[in-house]
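These notes concern the structure reproduced below.
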C-alpha cells in the first residue's frame, strides 16, 4: 500500500459523508467522527498488512501494552484473524485464554495540521491528522509445537519478504523454533 494513496483515501473518505451504522459506544475502543469513519474492509485489511507493527492492549489484571509484529489472515473469521506472539515471560501472555478481550492498534501516517493550511481563515485551530485501525476481540493462545512453529515461520516470512534476504526460519539450524519455551502466541478473531 502506498502511504500517499492511503492519506488521499482517508481524505476522500472524510469528504464522502454518508449515513453509516455504528456499534454501541461501549464496544468501541476509539471515537471516530462519522466523516472519518472508513468501513471498506479491503482498505482496512490493506492498512493492517502495511502497518503490521502494532500495540497489543489488555486490561487484566492491569493495563498492559506490548508492541509486536503481527500478520492478518483475511479469510479466517468474518472480519479476519490477527496472529502474533510475545514472550511467555511477559505477564500479558496470561490474557491469552479465549476469555480476555484485547485491542490491537495499527498506526499509520500522522502529522500536525497547521491552521494556516485551511482555506477558511479566522477562528480556526490546529489539529493532528492520523490514520489508525483498532481491532478488538478475544485473545486465544496457539497451542502445540507445530502450530507455534507455523505461526512464527509465517510471521518471519512476512517481514523477511520486505528485506529480500531469502531467510527461511524453517531451515534455521540450532534455533529452538517451535519448542514454545519462550514464546506465547496469540490469535485475535476480529468480531467487528
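Of all the numbered requirements in (1) under 24 Å from residue 149 (Cα atoms); (2) under 15 Å from the mean Cα position of the chain (by Cα), residue 105 misses one, and that requirement is (1). Answer with yes or no whether residue 167 is surrounded by 16 or more Cβ atoms within 10 Å (Cβ to Cβ) and either closer than 23 Å to residue 78 by Cα or at pLDDT 85 or above (or both). Taking the combined requirement at face value, the residue does not satisfy it. May I ask you to list the residues in the stretch 133-165 that are touching a helix residue (DSSP H, G or I) at 6+ places or on another chain (Cβ under 9 Å), over 13 Å from residue 84 (Cα atoms) and touching a residue at least 40 places away in the same chain (Cβ under 8 Å)? Within the stretch 133-165, 133, 135, 136 qualify. Within the bounds of the stretch 125-133, is there any residue that is surrounded by 18 or more Cβ atoms within 10 Å (Cβ to Cβ), under 21 Å from residue 30 (Cβ atoms) and within 16 Å of the chain's Cα centre (by Cα)? Yes; the residues of the stretch 125-133 include at least one that is surrounded by 18 or more Cβ atoms within 10 Å (Cβ to Cβ), under 21 Å from residue 30 (Cβ atoms) and within 16 Å of the chain's Cα centre (by Cα). Please indicate, with yes or no, whether at least one residue in the stretch 135-148 is within 18 Å of the chain's Cα centre (by Cα), surrounded by 10 or more Cβ atoms within 10 Å (Cβ to Cβ) and farther than 30 Å from residue 28 by Cβ. For the stretch 135-148, residues within 18 Å of the chain's Cα centre (by Cα), surrounded by 10 or more Cβ atoms within 10 Å (Cβ to Cβ) and farther than 30 Å from residue 28 by Cβ: absent.
When the test is whether a residue is touching a helix residue (DSSP H, G or I) at 6+ places or on another chain (Cβ under 8 Å), under 29 Å from residue 157 (Cβ atoms) and surrounded by 19 or more Cβ atoms within 10 Å (Cβ to Cβ), residue 38 does not pass it. Kindly indicate whether any position in the stretch 66-73 is touching a strand residue (DSSP E or B) at 6+ places or on another chain (Cβ under 9 Å) and farther than 30 Å from residue 169 by Cα. No; the residues of the stretch 66-73 include none that is touching a strand residue (DSSP E or B) at 6+ places or on another chain (Cβ under 9 Å) and farther than 30 Å from residue 169 by Cα.
The values are calculated or read from the model by the stated rules, or taken from the named source; none is laboratory data. Bear in mind the structure is a predicted one, so any value in this text is a computation, not a measurement. Positions of Cβ are backbone-derived with ideal geometry, glycine not excepted, and every protein chain shown enters the neighbour counts.
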